[in-house]
Amino acid sequence: MRLLIGLLLAFAVAAAVGLGTTLFALREGTPFGAFTVGTWTAWPRTGTSDIDPYARALVARSGELPMGAGDGIAFVATKDDNGAALDGRCDVTVTGVTPQARFWTLTLYEPDGKLVGNALARHGFTSQEIVRNSEGLINVSVAPRARSGNWLPTGGVDRYILVMRFYDSPISAASRTGRETPMPSIKVIKCP
């Protein structure tokens, strides 16, 4: 009887630890195979048959459709260049060179994956509609109040994330071009 109780207790502890770490991995979004360029992170194997089990569970839980390896790659930024979480009450600029791609998008999301609500219904820019400066660089203001030029309204949300998707691009984790990719910087200009 003592052996049976010990065995059941060990099984309960193992199940609690296993399920707890799996839940933690799903909540924190920690799929394997990520690579980072500056503050931007991409998971290129998420849209392939080589997807890891944690990423597969994240995709199933969120219901999002990941980009296939032949389609392109998506980079996510949750922090600025100094490591601070992106705050919708601050004025932030996304500035610099974009990697080579036939088409790209920059979209503003809430941390749970919903588009950031705003009165203008402006949630992002595409490579075809963005206005570049004389040097060919992008300069996007992400702020709660209107700005001239390329402006994404945050609506004053507490936190947001930025997603840049590059379609028909030579960027990949398999080649060395992934880590050498020029990505725009994210800098806080003013924060209350």
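The values are calculated or read from the model by the stated rules, or taken from the named source; none is laboratory data. Predicted model only: the values in this text are computed from it and were never measured. Cβ sites come from the backbone with ideal geometry, for glycine too, and all protein chains shown count toward neighbours.
Only one of these conditions is not met by Pro31: (1) buried (at least 17 other Cβ atoms within 10 Å of the Cβ); (2) modelled with pLDDT of 75 or more; (3) part of a loop (DSSP other than H, G, I, E, B). Which number is it?
It is condition (2) that Pro31 fails.
Can you tell me which residues in region 150-178 are surrounded by fewer than 18 Cβ atoms within 10 Å (Cβ to Cβ) and modelled with pLDDT under 85?
Asp168, Pro170, Ser172, Ala173, Ala174, Ser175, Arg176, Thr177
Given Val76, Val94, which one is modelled with pLDDT of 95 or more, under 15 Å from Thr39 (Cβ atoms) and within 16 Å of the chain's Cα centre (by Cα)?
Numbers: Val76 fails: modelled with pLDDT of 95 or more.
Checking each option against the conditions leaves just Val94.
Tell me the strands (runs of 3 or more DSSP E) entirely within region 70-172 that contain at least 2 residues that are of a type in the set (Val, Ile, Thr) and in contact with a strand residue (DSSP E or B) (Cβ under 7 Å, 6 or more places away or on another chain). Steps first, please.
Values: elements: 72-77, 91-96, 103-109, 124-126, 138-143, 150-153, 161-167.
Those strands (runs of 3 or more DSSP E) span 72-77, 91-96, 103-109, 138-143, 161-167.
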